[in-house]
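Participant: Attaching a single structure in structure tokens format; questions to follow.
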Amino acid sequence: MPLADLLKEGERIMIICNACRYCEGHCAVFPAMEQRTEFPPRDLAYLANLCHDCGSCYHHCQYAPPHEFAVNVPETFKGIREQTYRQYAWPRALSGLFESNAIATAAVVISTIVLLGFLAVSVAAPGAMYQPHEGPGAFYEIVPHDAMIVLFGVVWMFALVAFAVGFARFWRDSGPGGKISARHLGRATLDILRLRYLDGGAGDGCTYPREAPSQARRVFHHFTYYGFLFCLASTTVAAIYDNFLARKAPYPILSAPVLLGIVGGVGLLVGPIGLSILKFRSDPVPNPRSRLVMDVTFLVLLFLTSATGFLLLVLRSTAAMGPLLALHLGFVLGLFATLPYGKFVHAVYRFAALLRYAVEKPAS
Amino acid sequence: MPAMLSAHPIDVLVAGGGNAGLCAAMVASEAGARVLVLECAPRDFRGGNSRHTRNLRYMHEAPDEILTGAYPEEEFWQDLSRVTKGKTNEPLARLAIRFSAGVGRWMTDRGVRLQPPLEGTLHLGRTNAFFLGGGKALVNAYYRTAEHLGVEVVYQAEVAGLEVKDGAFSSANVVHEGREYRVAAKAFVAASGGFEANIPWLKESWGEVADNFIIRGTPYNQGRVLKALLAAGMKQVGDPKQCHAVAVDGRAPKFDGGIVTRVDAVPFGIVVNQDAVRFYDEGEDFWPKRYAIWGRLIAEQPGQIGHVIIDAKPIGKFMPTVFPPIVRNSIRELAEALKLDPGVLDTTVERFNRSVRPGTFDPGALDSCTTEGLDPPKSHWAVAIDRPPFSAYSLRPGITFTYLGVEVDRDARIFLKSGEPTRNLYAAGEIMAGNILGQGYLAGFGMTIGTVFGRIAGRKAAEHAAR
């Protein structure tokens, strides 16, 4: 559906919802809606990103299709969210990566793998690529330390700038300035850490993948989310070890970076598998399959990044270490390079929307 | 599907898969009975009018998880007496009230989630618990629980006739996917709602004007079971000519428009009929106490239509409407858009404006803004309609439910015309609500009656079947 039609549909259903309000207790979207009487594009972008896609408002809607009002908030908001990601992408020229997201992401990741492979082959001593390496600094015999720092530093910085610009653009459009206090930030952060709005409103969980309330999505999302955070922590600790404590990778199993990485890596295997299964089991009316491409692409990428990490961990003292290191780093680099142009950005706008909600919500 | 209709012996056959029928089915099943529910709607539209509801009123002596304060039996009874003006069966009404105590926990145990009143509802925090997600969420939860208990459900199954002899039910003729089945059971629970969606039946009381009625709820409430029960010699209760009707937007769908089609603008303006003249005091009392009379008032006007006219001042002060108003810069242009006589409407508005006396406008109180020398008067919130642009909503009668039903005893058992109770026929919900609600309505009380009598009917039917 073209953007104009999506926005028109969003406005149409919000007017129906605002006259009904039965879903008020499910999540933040409806109380936020009630503070409005009109639904121009910027308000719809805010409401759509506040939506966690839990499905309650669809399964409990007296006007859901096949009713002639055909109110389907999850589907419409999912469409509007995708448009938001494109609209607020930085640099704008790259917003096209959201189109055919699976192919675009695959192309970027293959490029980064090839790049790392090329780097390894051209830098490593002749024949070293397929030799076992052990002991501190073994990785750098395949991919030099400085090359790693520069490559990952540049890509990560680029992604952070893209997130910050997207956040700022979204924030500017989503409402009047509003003063952000520590309390607002705390509330929005807590809402994210607990995935509060996947609890269905009463704590039973959301109507996902089907009509019966379930915690499955919340649990698997948490696996993914905390898995990602643990892996990020692992990388950060490793960087500190390496650059400030002069302790060179690879690290022993019983070291902070590896333990954090294992815990996070398990999360990134279990979470994406669980979420993918749920997606394919989900009710196709609020979750049309055509809208799942970007989600599944991201889940597959997370899974492969983690899986190659484990392979590297297990086989790092064998001759396969060289190729596996290049492969894993290629995935990690590809993951970071595509973060601002795929499903990951939902985290940026969801947080912004929850922060906006915390700011505009009257203290109760 | 047909296997369920013909294969095994059934203890309790429940006609109707709304709140009352599901409560009966769950209770009967919990008591060990084999239960079959016949729901005439397809799965997507299951639940009758319960899918459009949003709250339930229940008695409580002290604050609980959801409701504040206390709502004791006597106050509940007084509230009911006031709206029914004495047209109620006191023992049954008190039974419904007493039996409602603690019902919140019973519902929660069966998957329903309750919440305090929604924003902007009429101060129901002490008396009414709201269903999280609305009535369809409740219906979904009950179906899940019932199916988990082993209750069988057949959708798109209509009861076409009943075999009743000497007050004893033996079987029902059921039509499903074009085929007819004879379904025998030891007890029968009628929980199939009223007949408000049956326009020809409404015409018997209202005449051709019923064509202009909008039915707020399910199109599946055709009253077939009610008709079959009356034909089989059951005793009727409730005024067959009466129905509960509110004013809804004339653009509402013919059926199933539910809550969103209401228009709450009446106290903020004036209402004129097709002849562009006023016909009733728009500011008689608070809207929540008066909205229920406007359906009938409009049904009595020529063409069964009314037009509420407001100016720019009250915009944003009443609940948002699902359809936008017609907006024009002058009363005459507005009249043309509404196909009213511009001269007459102009005069009506001008006369109204001239008769408005100065006062302090307060939508939260029976304020001092009133008219003088106007017939009919506008007793409160009378403010001149003089600031363009002017807006109008066209209103039609929106039928919520009918009062005609079958008479029951304290065990929800249906009476025969002779005054003898039947042996194994029970009724719950709208089909017997007329025993208690002879007229008027009390917010959330329909669901109370359905839940209480559904539970009684389910228990008694299971006990009978076990005998």
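Participant: Could you please find all residues in the range A:133-142 being open to solvent by 70 Å² or more (accessible area, probe 1.4 Å) and modelled with pLDDT under 80?
Facilitator: Within the range A:133-142, just A:Glu134 meets the criteria.
Participant: Has the range B:192-205 got at least one residue that is of a type in the set (Phe, Trp, Tyr), closer than 30 Å to B:Gly257 by Cα, under 19 Å from the mean Cα position of the chain (by Cα) and open to solvent by 10 Å² or more (accessible area, probe 1.4 Å)?
Facilitator: Among the residues of the range B:192-205, at least one is of a type in the set (Phe, Trp, Tyr), closer than 30 Å to B:Gly257 by Cα, under 19 Å from the mean Cα position of the chain (by Cα) and open to solvent by 10 Å² or more (accessible area, probe 1.4 Å), which makes the answer yes.
Participant: When you scan the range A:145-160, do you find a residue that is open to solvent by less than 30 Å² (accessible area, probe 1.4 Å) and within 30 Å of A:Ile13 (Cα to Cα), even just one?
Facilitator: no
Participant: Same structure, new question: Looking at the range B:289-305, which of its residues are within 14 Å of B:Asp264 (Cβ to Cβ) and touching a residue at least 40 places away in the same chain (Cβ under 8 Å)?
Facilitator: B:Tyr291, B:Ala292, B:Trp294, B:Gly295
Quick grid of which residues meet (1) modelled with pLDDT under 95; (2) on the phi < 0 side of the Ramachandran plot; (3) within 14 Å of chain B (Cβ to nearest Cβ):
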| position | (1), (2), (3) |
| --- | --- |
| A:Cys17 | no, yes, yes |
| A:Phe30 | no, yes, yes |
| A:Met33 | no, yes, yes |
| A:Cys51 | no, yes, no |
| A:His59 | no, yes, yes |
| A:Val73 | no, yes, yes |
| A:Gly117 | yes, yes, no |
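Participant: Moving on to the next point. Identify all residues within the range A:209-235 that are in contact (Cβ under 8 Å) with a residue 12 or more places away in the chain and within 14 Å of chain B (Cβ to nearest Cβ); write none if there are none.
Facilitator: Of everything in the range A:209-235, those that are in contact (Cβ under 8 Å) with a residue 12 or more places away in the chain and within 14 Å of chain B (Cβ to nearest Cβ) turn out to be A:Arg210, A:Glu211, A:Pro213.
Participant: Picking from B:Arg182, B:Arg113, B:Arg98, which residue would you name as being more than 14 Å from chain A (Cβ to nearest Cβ) and under 22 Å from the mean Cα position of the chain (by Cα)?
Facilitator: B:Arg98
Participant: Within the range B:152-166, can one find any residue that is modelled with pLDDT of 95 or more, among the polar types (S, T, N, Q) and over 19 Å from A:His60 (Cα atoms)?
Facilitator: Scanning the range B:152-166 turns up at least one residue that is modelled with pLDDT of 95 or more, among the polar types (S, T, N, Q) and over 19 Å from A:His60 (Cα atoms).
Participant: Same structure again: Run A:Gln83 past the list (1) over 30 Å from A:Arg169 (Cβ atoms); (2) open to solvent by 10 Å² or more (accessible area, probe 1.4 Å); (3) among the polar types (S, T, N, Q) and report the number of the one that doesn't hold.
Facilitator: (1)
Participant: Can you pull out the residues in the range B:116-159 that are among the aliphatic types (A, V, I, L, M) and more than 20 Å from the chain's Cα centre (by Cα)?
Facilitator: Result: B:Ala141, B:Ala146, B:Leu149, B:Val151, B:Val153, B:Val154, B:Ala157, B:Val159.
Participant: Is there a residue in the range B:410-417 that is in a strand (DSSP E or B), out of contact with any helix residue (DSSP H, G or I) (no Cβ under 6 Å at 6 or more places or on another chain) and buried (at least 24 other Cβ atoms within 10 Å of the Cβ)?
Facilitator: Yes: the range B:410-417 contains one or more residues that are in a strand (DSSP E or B), out of contact with any helix residue (DSSP H, G or I) (no Cβ under 6 Å at 6 or more places or on another chain) and buried (at least 24 other Cβ atoms within 10 Å of the Cβ).
Here's the yes/no breakdown for (1) among the small types (Gly, Ala, Ser); (2) modelled with pLDDT of 95 or more; (3) not in a helix (DSSP H, G or I):
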residue: B:Phe188; (1), (2), (3): no, yes, yes
residue: B:Gly193; (1), (2), (3): yes, yes, yes
residue: B:Pro200; (1), (2), (3): no, yes, no
residue: B:Pro219; (1), (2), (3): no, yes, yes
residue: B:Gln222; (1), (2), (3): no, yes, yes
residue: B:Leu229; (1), (2), (3): no, yes, no
residue: B:Lys241; (1), (2), (3): no, no, yes
residue: B:Pro253; (1), (2), (3): no, yes, yes
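Participant: Pairs needed: first member in the range A:4-33, free of Cβ contacts under 8 Å to residues at least 12 places away in the same chain; second member anywhere, crowded, with 23+ Cβ neighbours inside 10 Å; C-beta distance under 6 Å; at least 6 residues apart or different chains.
Facilitator: Going by the 6 Å Cβ cut-off, the qualifying pairs are A:Ala19/B:Val260; A:Ala19/B:Val322; A:Glu24/A:Phe30.
Participant: Given the criterion surrounded by fewer than 15 Cβ atoms within 10 Å (Cβ to Cβ), at negative phi, more than 14 Å from chain A (Cβ to nearest Cβ) and among the hydrophobic types (A, V, I, L, M, F, W, C), identify the matching residue among B:Ala172, B:Ala168.
Facilitator: Unique residue meeting the criteria: B:Ala168.
Participant: Please find, among A:Leu339, A:Leu311, A:Leu325, the residue that is modelled with pLDDT of 95 or more, surrounded by 21 or more Cβ atoms within 10 Å (Cβ to Cβ) and not β-branched (Val, Ile, Thr).
Facilitator: Only one candidate qualifies: A:Leu339.
The values are calculated or read from the model by the stated rules, or taken from the named source; none is laboratory data. Quantities reported herein were computed from a predicted structural model and do not represent experimental measurements. Neighbour counts are summed over all protein chains in view; Cβ atoms, including those assigned to glycine, are modelled from backbone coordinates with ideal geometry. Ligands, DNA and RNA are excluded from the accessible area calculation, which covers all protein heavy atoms including side chains. Shrake-Rupley method; radii C 1.70, N 1.55, O 1.52, S 1.80 Å.
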